[in-house]
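What follows is one structure encoded as structure tokens, with my remarks underneath.
The values are calculated or read from the model by the stated rules, or taken from the named source; none is laboratory data. Please read these numbers as outputs of a predicted model, since none were measured by experiment. Every residue, glycine among them, receives a Cβ derived from its backbone with ideal geometry; neighbour counts consider all protein chains shown.
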Amino acid sequence: MRAFERSLADFPAPSSEALAVCARLVDQIAADIAAAGGRLRFDHYMQRALYAPGLGYYAAGSRKFGAGGDFTTAPELSPLFSRCLARAGAPVLAALGGGDVLEFGAGTGTMAAGVLAELARLDCLPGRYRILDASAELRERQRATLAAKVPALLDRVEWLDALPPAGSLRGVVLGNELLDAMPVRRFRIGADGPQELYVRGDAATGFELVAGPADAGCRAAVAAIEAAVGPLAEGYESEWNPALPAWFASLGETLAAGAAILIDYGHPRRAYYHPSRARGTFLCHYRHRAHDDALVWPGLQDLTAHVDFTAVADAALAAGFEVAGYCAQAWFLFGCGLEALLAEVDPEDLPRHVEAVRQVKLLTLPGEMGERFQAIGLTKGIGLRLPAFALRDERGRL
Ligand SMILES: C[S@@+](CC[C@H](N)C(=O)[O-])C[C@H]1O[C@@H](n2cnc3c(N)ncnc32)[C@H](O)[C@@H]1O
């Protein structure tokens, strides 16, 4: 059976329209594999599966977010999350005497609406709320969310095609579950050292993952990991995000003064490349089911990997940022005043109170999102301690 048609036991089958989009993407990827000489580096496959214009997972019109989609993110789970992020950014805007917000990967626009509404409540609105998303297809959806939730603030929102010019941004950069959606390169430790994983095949045979030669970039990445965690055993598989240094370098050039706050699932390097994670952290999400077969239904499922926060800190430092804070999401949200926001809900209003408590639990309990998700605060050109990170300082783990 062809790999991309393999149905995973008990998975709901995609619609015939979705399968038609998938088939076009398979043809396109197969052509790219042929053009690359018979195999495509995994990050190039992932880039196409997620972002190929009109066909990739984030670039085609599928549902993706929320109960009817493939996964649910914190801003979709609770408005308290966006309110907290606004409270993390407000002191930065206040210290700068104004400025803009730039959100990367804004998804449905729910977080943008929540952050703007809370900043308005705090009387700390940014000049502009700018959105830059790898998928232009999501713009209409974001605009509709913002028009419905914060119509009076819509004229402050601006969609960007590229980063603003060097040195032109002062303010707050936000990204939730952004870094986990960047394509990763994958490696396996062979008998003679690291090998890189590639995708090969075509529309007739299906795609398969194969180990091939490691180039100098792959060998250097694995050497840097082994320098931090010790030698990796033969058979060990994992991945790294090759885009982080360039991404932070560009952001560092753009941001003259302010802070970036990024939240994602991930770990410091020593935990990321721990022997217990010998198959890596790469995962696919399809209708709220997680599995690790990246080659099934290209374009119809989300592909992600955990974030190596040590690599994030290294790339940010090299780009001129300071690491101002790092901690688990629960500590970050409490540092933003989550408890006080919960206390605003009248306990006599039982249904509302029960719902708010349920949301706080989802966001903060260790078995839910509280510890799997981590927050990092990066500052540049501003001498400010970020109050959101005041409760717990875990920078020493990076
Ligand atoms: C998992 S979704 C998260 C969406 C939203 N932040 C949320 O929390 O619901 C990842 C988003 O990041 C975007 N993205 C990925 N890489 C990006 C990049 N380099 N620049 C801007 N957006 C990016 C994707 O298009 C997608 O909208």
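Observations
- Yes/no for GLU239 being charged (D, E, K, R) and surrounded by fewer than 18 Cβ atoms within 10 Å (Cβ to Cβ): no
- Residues of segment 338-364 that are of a type in the set (A, V, I, L, M) and either surrounded by fewer than 14 Cβ atoms within 10 Å (Cβ to Cβ) or assigned to a helix (DSSP H, G or I) (or both): LEU338, ALA340, LEU341, LEU342, ALA343, LEU350, VAL354, ALA356, VAL357, VAL360, LEU362, LEU363.
- Total residues in segment 310-331 satisfying the condition of being of a type in the set (A, V, I, L, M, F, W, C) and in a strand (DSSP E or B): the figure is 4.
- Helices (runs of 4 or more DSSP H) within segment 74-149 that include 3 or more residues buried (at least 24 other Cβ atoms within 10 Å of the Cβ) and not charged (D, E, K, R): 79-96, 110-121
- Comparison of LEU19, LEU80 shows that the only residue that is more than 10 Å from the ligand (Cβ to nearest atom) and at pLDDT below 95 is LEU19.
- Residue within segment 222-232 that is within 24 Å of the chain's Cα centre (by Cα) and free of Cβ contacts under 8 Å to residues at least 24 places away in the same chain present: yes
- Segment 160-178, residues that are farther than 14 Å from ALA113 by Cβ and within 13 Å of the ligand (Cβ to nearest atom): LEU160, ASP161, ALA162, LEU163, VAL173, GLY175, GLU177, LEU178
- The set of residues in segment 379-389 being under 24 Å from the mean Cα position of the chain (by Cα) and either more than 19 Å from LEU251 (Cβ to Cβ) or hydrophobic (A, V, I, L, M, F, W, C) (or both) consists of LEU386, PRO387, ALA388, PHE389.
- Scanning segment 270-286 for residues that are in contact with a helix residue (DSSP H, G or I) (Cβ under 8 Å, 6 or more places away or on another chain) and either surrounded by 23 or more Cβ atoms within 10 Å (Cβ to Cβ) or within 21 Å of LEU25 (Cα to Cα) (or both) yields TYR272, TYR273.
- Test set (1) free of Cβ contacts under 8 Å to residues at least 12 places away in the same chain; (2) closer than 20 Å to ILE263 by Cβ; (3) surrounded by 12 or more Cβ atoms within 10 Å (Cβ to Cβ) - GLY367 fails condition number: (3)
- Output for segment 341-368, where each listed residue is at pLDDT below 95, touching a helix residue (DSSP H, G or I) at 6+ places or on another chain (Cβ under 7 Å) and under 27 Å from ALA311 (Cβ atoms): GLU368
- Positions within segment 287-329 being touching a helix residue (DSSP H, G or I) at 6+ places or on another chain (Cβ under 7 Å) and aromatic (Phe, Trp, Tyr), in sequence order: TRP297, PHE321, TYR326
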